[in-house]
């Protein structure tokens, strides 16, 4: 990115709306929430979509894979665009253009149209990267981890809140006379329109930095562009620390997505819970993002004050290893109460690990925060894809074997055997994933910073604070 002496805020004063950093924090957090809300908005309606469009099981799974795949490429691209054009314009266009496939999703008539919309809707998942870039540009080193984690937590909350919000929107449109079978379509259109309107708000009420927008600062000479200061994307790719954080985020956010995506069925198969009960338990853990991710950023900042940049890495390594241990322990328990306790601890640690990751990211390369954030953010989706494929393959093989060995034993017997086989397969998958996460936590210790980078971070701890 470009060298610029910025008046970053040293505090996260959530109610000081005159402060451009605080105002931007809220707008980017709400935008992130809406993007995730729309991205996963179709999930509560999938039974209706399957029935309405006649989706096959393969088409249903393909729609999920396409949504995740689109996000990976979008996150890689958007980071570089943020470095070049600034987060304000990138978020504005992402919201406006991203609203189109969301609206079109409510108008589709064929499975192919639905799959195409799901692919392009996945692009709004890149909103995470812009949010992290924008808060990194607005807040000083002593608080940037907390700011990044809190804004990200609000966004992740949107991915869980849609399970309550979208059915409420559907109920509201039905109250106005819309047929139940069509309610999911209207809900998606409404979600898309809200994203479009938020894009307009983002353009008029945020700035790229506390001092102003990239374009105006360059025109006034306050922001000087030189070839020396321009960091190429290939140079970022060569930094081993970026790829370690890529794997770290795959092991934290990616695993959170996969575990919560499979936990409903696992709780039912393992502890014989009702679907509604299992769903509510999983939703409650997703809602922990309101505070848990913030804790990760807060402790990252705190360890940064005590031990410098190395302190941030040490905390990240610790909390990631703890996350893996909690998942391993959960995979082995047969007690519902003990299992819920371990699941709470897993949720707390995995979300703290996500926050801690992005308390380190802003210090990897301050001239290419967008590119680094984009690559690391993409790691989360890659991790989710790989972990989901592992669990799906193990479960599918086990279930087929159970069905085959119990043929002719009656439907109830076959279902019970299938359920037990799926539980055992997913349990072993969780154990393996937990072990990989622990190893990743140890590998994270290899992230090093130069003396120059450590000194620069100390000098920036008390920047000029712009509170207006």
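The values are calculated or read from the model by the stated rules, or taken from the named source; none is laboratory data. Nothing here was measured: the structure is a model prediction, and the numbers come from that model. Reconstructed Cβ throughout: ideal geometry from the backbone, glycine too, with neighbour counts over all protein chains shown.
A few remarks follow.
- Set 339, 355: member being surrounded by 20 or more Cβ atoms within 10 Å (Cβ to Cβ) and more than 21 Å from residue 299 (Cβ to Cβ): 339
- When residues of region 17-54 are limited to those that are over 15 Å from residue 185 (Cβ atoms) and not in a helix (DSSP H, G or I), the one modelled with the highest pLDDT: 54
- Meets criteria (out of contact with any strand residue (DSSP E or B) (no Cβ under 8 Å at 6 or more places or on another chain) and buried (at least 23 other Cβ atoms within 10 Å of the Cβ)) for residue 382: no
Yes/no per residue for (1) under 26 Å from the mean Cα position of the chain (by Cα); (2) on the phi < 0 side of the Ramachandran plot; (3) at pLDDT below 80:
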residue	(1), (2), (3)
392	yes, yes, yes
396	no, yes, yes
399	no, yes, yes
402	no, yes, no
408	no, no, yes
411	no, yes, yes
417	no, yes, no
423	no, yes, no
430	yes, yes, no
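- Some residue of region 405-420 being over 25 Å from residue 129 (Cβ atoms), surrounded by fewer than 24 Cβ atoms within 10 Å (Cβ to Cβ) and in contact (Cβ under 8 Å) with a residue 60 or more places away in the chain: yes
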